[in-house]
Amino acid sequence: QVQLAESGGGLVQAGGSLTLSCTASGRTFSSSVMGWFRQAPGKEREFVAVIMWSGGNTIYADSVRGRFTISGDNAKNTVYLQMNALKPEDTAVYYCAARTGSGSYHSTDYHTWGQGTQVTVSS
């Protein structure tokens, strides 16, 4: 079983930057794909970005492409989400998630979730 722990959230002004981290422990070899999702109050959880450990391929949501960068460090079992040019609409709880198989936009395809970290962007 894989456990995920996010960190790095906080309060930032619009236009600022934050880097989120997600460290996996346990049976990490069972997770070939790591994704970031977010959920704002009153809204459904939405896809942000995903990275495939093998090959390092990435996919981004249109709303964050060009501003966010997902990356991974295999040796540390850690995935990062570098967020630049943050906007108030990026305010949400950010979750990392793991799955086995190919990259997916759908939260229901992921079998393991972290506890989430709050990101608040003030205008």
Problem set entry | Residue within the range 101-118 that is within 21 Å of Leu11 (Cβ to Cβ), at pLDDT 95 or above and touching a helix residue (DSSP H, G or I) at 6+ places or on another chain (Cβ under 9 Å) present | no
Exercise. Can you tell me which residues in the range 59-102 are closer than 14 Å to Gly35 by Cα and among the hydroxyl-bearing types (Ser, Thr, Tyr)?
Worked result: Tyr60, Thr69, Ser71, Thr78, Tyr80, Tyr94, Tyr95, Thr100, Ser102
For this session: Sort through Val50, Val79, Val64 and tell me the only one that's within 24 Å of Gln13 (Cβ to Cβ) and either modelled with pLDDT of 95 or more or not hydroxyl-bearing (Ser, Thr, Tyr) (or both).
Result: Val64
Problem set entry | Exclusive hit being touching a Leu at 6+ places or on another chain (Cβ under 8 Å), of a type outside the set (Lys, Arg) and either surrounded by 21 or more Cβ atoms within 10 Å (Cβ to Cβ) or under 19 Å from Glu6 (Cα atoms) (or both), set Trp53, Trp36 | Trp36
Problem set entry | strands (runs of 3 or more DSSP E) fully within the range 1-116 counting 1 or more residues that are of a type in the set (Asp, Glu) and at positive phi | none
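The values are calculated or read from the model by the stated rules, or taken from the named source; none is laboratory data. Being a predicted model, the structure only gives us computed values, none of them experimental. Note that we place each Cβ from the backbone using ideal geometry, even for glycine, and neighbour counts take in every protein chain shown.
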